[in-house]
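In what follows, a single structure is set out as structure tokens and then discussed.
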Amino acid sequence: MQKRIFCALAMIVAGAAAAQNAPQANPRDPKAPVPPLEYRSAFADYRPYKEPEVAPWRDANEEVGRVGGHLGIVRGQQEAAKAGPKPPMHGMQHK
């Protein structure tokens with residue numbers, strides 16, 4: 001087992017040494033080999049904008065009324081902030 005590990009390490013070291021000693025082409029030589037160019041579009045990972053889902057205004061108004069107005073929403077956010085590591089919402093940092 002140790003013999004196999006030693007042989008594998010020796011091959012890795014020898015390969016790394018050979019790669020470092022490989023002759024490099026002179027960049028001023030017009031006949032020097034040029035590595036192939038690879039085109040990647042800037043838009044390859046583009047995701048088109050998607051309009052966010054908007055709640056109906058009646059449902060939003062009923063929710064605000066149910067929790068006790070805008071102050072009830074702030075209280076709920078403060079309780080959630082105390083319970084977890086979420087960052088504070090705007091207005092909660094001013095106590």
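Only one of the numbered conditions (1) at pLDDT 75 or above; (2) surrounded by 10 or more Cβ atoms within 10 Å (Cβ to Cβ) is not met by PRO33, and that is (2).
Here PRO27 does not fit the description of being modelled with pLDDT under 70 and in a loop (DSSP other than H, G, I, E, B). Reported count of residues in the stretch 47-78, each being in contact with a His (Cβ under 9 Å, 6 or more places away or on another chain) and modelled with pLDDT of 90 or more, is 0. When you scan the stretch 42-63, do you find a residue that is within 35 Å of the chain's Cα centre (by Cα), surrounded by 10 or more Cβ atoms within 10 Å (Cβ to Cβ) and not in a loop (DSSP other than H, G, I, E, B), even just one? Yes, the stretch 42-63 contains at least one residue that is within 35 Å of the chain's Cα centre (by Cα), surrounded by 10 or more Cβ atoms within 10 Å (Cβ to Cβ) and not in a loop (DSSP other than H, G, I, E, B). For first residues located in the stretch 44-70 and on the phi > 0 side of the Ramachandran plot and touching a residue at least 12 places away in the same chain (Cβ under 8 Å), partners that are loosely packed, with under 10 Cβ neighbours inside 10 Å and part of a loop (DSSP other than H, G, I, E, B) and lie 6+ apart or on another chain with Cβ distances below 6 Å do not occur. Confirm whether LYS86 is in contact with a helix residue (DSSP H, G or I) (Cβ under 7 Å, 6 or more places away or on another chain) and at pLDDT below 75. For LYS86, the condition - in contact with a helix residue (DSSP H, G or I) (Cβ under 7 Å, 6 or more places away or on another chain) and at pLDDT below 75 - is met.
The values are calculated or read from the model by the stated rules, or taken from the named source; none is laboratory data. Everything numeric here is computed off the predicted structure, so don't read it as measured data. Neighbour counts run over all protein chains shown; Cβ positions are idealised from the backbone, glycine included.
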